[in-house]
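Here, each number is a calculation from the coordinates, and none is a lab measurement. A quick note: this is a predicted structure, and the numbers were derived from the prediction, not measured. Neighbour counts are summed over all protein chains in view; Cβ atoms, including those assigned to glycine, are modelled from backbone coordinates with ideal geometry.
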């Protein structure tokens with residue numbers, strides 16, 4: 001009896017070792033209620049018997065923009081499992097080769113392309129560029145929208161500064177009649193415009209950061225991906241602050257020069 005129990009235990013251990021592990025997409029695990037250690041059956045068609053496998057890992061979705069709109073699930077298998085499942089034999093559609101340097105990459109591409117007719121090797125960077133063409137077009141479209149927005153904002157800022165300075169006609173006239181030079185008046189208006197531009201830039205950066213957090217939290221939940229859809233980078237912040245400051249100074253200077261060029265008594269309406 002003890003020998004029979006030992007044989008049964010050995011058979012169970014051998015069967016456990018025969019069952020191989022797979023890695024599945026974490027979205028599939030969430031939607032199907034699967035966990036690490038669960039047993040699943042892999043089959044090429046619903047009516048076939050298939051092979052039993054154990055879920056050994058959950059794979060998180062990458063940050064590749066080309067995969068965002070794809071809704072299919074992914075399962076990673078051992079090569080022998082995949083061959084058995086597809087019945088494809090010793091054939092592959094494509095494979096990846098990692099090299100150590102650009103020179104070795106060039107040699108590998110040349111050898112693979114010269115090996116036989118029908119083989120074609122490409123750099124991973126070239127493939128990434130080809131698959132990201134749509135996103136490059138979207139990026140250029142966003143850049144064009146940004147240029148139009150900045151131009152319209154500059155015109156709007158100039159109009160606002162002109163109106164604000166026009167409202168202070170009597171103040172400027174009084175300063176001129178008191179002996180304050182036109183240069184001092186222009187300098188004070190430019191400093192005020194620069195301060196307003198800096199405060200506006202800080203407020204704009206805060207709004208942009210908050211909007212970026214909202215956009216990322218929403219779309220990362222919708223597509224279940226760690227990809228960040230909106231990024232506020234230091235170079236963007238620096239560009240926005242410098243551009244805002246420059247436009248504010250120019251608008252304040254133009255408005256102040258227009259005002260100080262008018263005689264003080266005319267500013268009083270006389």
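Going 7 Å from the Cα of residue 239 toward and past its Cβ, which residues in the range 129-171 have a backbone nitrogen under 17 Å from where you end up? Label zone hits: 136-154.
Taking the inverse of the mean reciprocal distance over all distinct Cα pairs, the Kirkwood hydrodynamic radius of the range 135-267 comes to 17.3 Å.
To the nearest 0.05, how large is the calculated FRET efficiency for residue 92 and residue 39 if R₀ is 30 Å and r is the Cβ-Cβ distance?
Approximately 0.60, to the nearest 0.05.
Extending 7 Å from the Cα toward the beta-carbon at both residue 169 and residue 63 defines two label points whose distance is 5.6 nm. For the range 28-145, a/c is not less than 1.5, where a ≥ b ≥ c are the root eigenvalues of the C-alpha gyration tensor, and a/b does not top b/c. That puts it in the oblate class. Put a dot 7 Å past the Cα of residue 229, heading toward its Cβ, do the same for residue 114, and the two dots end up 4.9 nm apart.
Taking a point 7 Å out from the Cα of residue 121 in the direction of its Cβ, the residues of the range 85-110 whose backbone N falls within less than 20 Å of it are 91-110. Of the residues 241, 165, the one with the fewest other Cβ atoms within 10 Å heads the list, and the complete ranking is 241, 165. The range 171-201 and the range 94-121 have Cα centres lying 67 Å from one another. Hydrodynamic estimate: the Kirkwood radius of the chain over Cα pairs, inserted into Stokes-Einstein at 25 °C and 0.890 mPa s, corresponds to D of 94 µm²/s.
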